[in-house]
Amino acid sequence: MLSHLILGCSPYYFRYGGAPRFGGGGGGSRGGPPQGKFGNPGERLRKKHWNMDELPKFEKNFYQEHPDVTQVENYLRSKEVTVKGRDCPKPMMKFHEANFPNYVMDVIAKQGWAEPTPIQAQGWPLALSGKDMVGIAQTGSGKTLAYLLPAIVHIQHQPFLEHGDGPICLVLAPTRELAQQVQQVAAEYGRASRLKSVCVYGGAPKGPQIRDLERGVEICIATPGRLIDFLEAGKTNLRRCTYLVLDEADRMLDMGFEPQIRKIVDQIRPDRQTLMWSATWPKEVRQLAEDFLKQYVQINVGALQLSANHNILQIVDVCNDGEKDDKLLRLLEEIMSEKENKTIIFTETKRRCDELTRRMRRDGWPAMGIHGDKSQQERDWVLNEFKYGKAPILIATDVASRGLVFLT
Ligand code: AMP
């Protein structure tokens, strides 16, 4: 289990210890590709002009309030859930109130969870009722199931895919790591219902991803760049897409994906259901919500201001640049004296990541580094070495800052 997370962010150290839950917080450095690196992404994609009268009708409201749903004010207050917007259904405090199909309930039952997390409790009725929504929630809040389980219900109510149809549910995610993590969950819950999913991301061979898409998948989880490539090349299409999820929207904007996201959303019928998730709510994210969502309801769990995850002990050690490396090594000696401990060290830049990895390896530490300039194959390999404890110290730029649950 991961025991320490160190953010090397000159001139501070942040040392995290305690429970293995991580709040993203969106405060990471802008490690993504700079705007313009992609040229003009999707320039061959034409903006679609929709004639709503010609589009086949589809259902998106599957919500029926369960008779057990009771007074909810205390629940919302105690879980710090705030709701903005009109006609938001009451939260579901028990799993059975969501009326999910039995095969979904069976998978939930196996997890042994006590109750829905707050974002699920309020997100499920909202998503099942077909409304557009914004969820301000962090990694670790249970947001993946908050949008995936209603997606399964949505898909089950649509006509079967026909040859040449693209996905019904599209999830856009900023990084390969997050996209893969979401797909694992989609596969686990979709298996029993025979829903197929694919994870589409850059830096890996296109062939297998294209083959999956061509075979027909109901759920596609994609990073924006690779999906644009496939749309331009006609390897898939979004004609059947009626359920769109933008996961970690703040992070996608931070990474410069806005032009790609806009091109992709232009390809999806406007009466789709759109669910947007973000750890933070800056004006750029609000603008995206205004542009893509209709009369949406926003739910927020926890304090409205950005705050750190209370499950994590944080120690901030203010020091000079010159002192940092020695302090770090002293700290590691203490942490790594326990064999089973693992540590992630975040650096702000790729260069610093390489330098520190080199220095630590020279000093005999079992450290490995990842950042955006490493090949996908190398990143996969390093993550696996870390995950299975062969290299218990991971040095990373913020390519690894989300989806940490995946690593532990
Ligand atoms: P997420 O925020 O989607 O990344 O989920 C974080 C973790 O919470 C995952 O490991 C889930 O398996 C777990 N999780 C999801 N729903 C629940 C729940 N209702 N109770 C306890 N854990 C959950």
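Computed quantities for the displayed model
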read-out: Tally of residues being over 18 Å from ILE268 (Cβ atoms), in contact (Cβ under 8 Å) with a residue 12 or more places away in the chain and not basic (Lys, Arg) across region 185-215; value: 17
read-out: Whichever residue in region 84-98 is out of contact with any Ser or Thr (no Cβ under 9 Å at 6 or more places or on another chain) and surrounded by fewer than 17 Cβ atoms within 10 Å (Cβ to Cβ) and, among such residues, is nearest to ILE152 (Cα to Cα); value: HIS96
read-out: 1 or more residues within 16 Å of the ligand (Cβ to nearest atom): qualifying helices (runs of 4 or more DSSP H) within region 125-241; value: 143-156, 176-190
read-out: Residues within region 76-114 that are hydrophobic (A, V, I, L, M, F, W, C) and farther than 26 Å from VAL134 by Cβ, tallied; value: 4
read-out: Flag for LEU76 being away from the ligand (no atom under 16 Å from the Cβ), part of a loop (DSSP other than H, G, I, E, B) and more than 18 Å from the chain's Cα centre (by Cα); value: no
read-out: Residues located in region 109-124, provided they are more than 8 Å from the ligand (Cβ to nearest atom) and surrounded by 15 or more Cβ atoms within 10 Å (Cβ to Cβ); value: PRO118, ALA121, GLN122, GLY123, TRP124
read-out: Test: residue in region 380-401 that is among the hydroxyl-bearing types (Ser, Thr, Tyr), modelled with pLDDT under 85 and either surrounded by fewer than 17 Cβ atoms within 10 Å (Cβ to Cβ) or touching a Phe, Trp or Tyr at 6+ places or on another chain (Cβ under 6 Å) (or both); value: no
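The values are calculated or read from the model by the stated rules, or taken from the named source; none is laboratory data. These numbers were taken from a predicted model, which means no experiment stands behind them. Heads up, the Cβs are rebuilt from the backbone with ideal geometry, glycines too, and the neighbour counts pull from every protein chain shown.
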